[in-house]
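The values are calculated or read from the model by the stated rules, or taken from the named source; none is laboratory data. Owing to the predicted nature of the structure, the values given are computational and were not obtained by experimental measurement. Cβ placement follows ideal geometry from the backbone for every residue including glycine, while neighbour counts extend to all protein chains displayed.
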Amino acid sequence: MKNENTIPALDKALSAIEYLCSADRSVTQAELSRAVDVTATTGYRIVQTLMKHNWIRKNRGNTYSLSPGMLILFLKLRNGGALFDSAQPVLEELARRTRLACKLSIRQWNEQLSVLRAESPEPFSVSGKNGSRFPVIEGSVGAALLFGESEETIRSLASECRAEIPEKSDPDLVLRRIAELRRKGYLFNRGNNRWRVDAMSMPVFDSRNQVAAAVTLLGIREDFSDATLPSLAEKLAEAVRKIETMI
């Protein structure tokens, strides 16, 4: 029986999510529109809305699949975020081993969101707070979170960015950082940000080999010498691998 109290547009959007969940591959916008029985125009609007909230992502070949942005919803359903809680000890161990502050960030479409952090055991260190939001294109965290995105998507995110940051006017900066991340396995940003903070980031991949989060070490110039970079990168990679077994 038809329920007259539903919202048709929302019903179709949720149907699109269900279809993507059941699909064993990425799908085109046309396939999605046919599956949920909407026009091409409505299908386009549904796709754009779900992409805005980072619930789905655009792949190469103009196909779409679920995005790690939905991870935060699953985390809330899983014992109030127990998955993030299980990653907290990993960050604390990383902070103890490196003597640096560290954080875990996720992407919410055009923003990066800090959801976990561990403080350095040293009496003085770089600090911040959970819940902080920045443009997703910004810094080493942005490069890690955008690791699997297309050049087209990155340039689009830069053009829509409201913050006056270097990445907005020069999206090639983001692309170069991603290229460096591919070569080295990590990205070190020596103070090239608004806060002049040094940062080393790596992406965290889920079971589908999509970027689900980024882990970052934070410090000042004295914390990241050329001699210590390889050791810090190794410890960061070990932490990332542990977290990947949890998602």
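Side notes on the structure shown:
- Residue list for the stretch 5-24, filter: surrounded by fewer than 13 Cβ atoms within 10 Å (Cβ to Cβ) and touching a residue at least 40 places away in the same chain (Cβ under 8 Å): C21
- Qualifying residue in the stretch 36-49 (condition: aromatic (F, W, Y), crowded, with 18+ Cβ neighbours inside 10 Å and at pLDDT 90 or above): no
- Which listed residue, of P135, P171, P166, is touching a Cys at 6+ places or on another chain (Cβ under 8 Å), of a type outside the set (A, V, I, L, M, F, W, C) and without any contact (Cβ under 8 Å) to a residue 60 or more places away in the chain: P135
- Scan of the stretch 182-191 for residues that are at pLDDT 95 or above and touching a Ser or Thr at 6+ places or on another chain (Cβ under 8 Å), ordered by number: Y186, L187, F188
- Residue within the stretch 79-91 that is modelled with pLDDT of 90 or more and touching a Gly at 6+ places or on another chain (Cβ under 9 Å) present: no
- One residue from G61, G131 being over 21 Å from I220 (Cβ atoms) and either in the same structural domain as L187 (by TED's automatic domain parsing) or modelled with pLDDT of 90 or more (or both): G131
- Helices (runs of 4 or more DSSP H) wholly inside the stretch 79-169 that include at least 3 residues being farther than 17 Å from N54 by Cα: 82-98, 166-169
- Boolean, S150 is of a type in the set (G, A, S), within 27 Å of C21 (Cα to Cα), touching a Lys or Arg at 6+ places or on another chain (Cβ under 7 Å) and at pLDDT below 95: yes
- Test: A101 is small (G, A, S), surrounded by 17 or more Cβ atoms within 10 Å (Cβ to Cβ) and at pLDDT 95 or above: yes
- Top-ranked residue of the stretch 23-58 - restricted to ones that are among the hydrophobic types (A, V, I, L, M, F, W, C) and not in a helix (DSSP H, G or I), ranked as nearest to L113 (Cα to Cα): W55
- Qualifying residue in the stretch 18-29 (condition: out of contact with any His (no Cβ under 6 Å at 6 or more places or on another chain), at pLDDT below 90, of a type in the set (A, V, I, L, M) and within 28 Å of V204 (Cβ to Cβ)): yes
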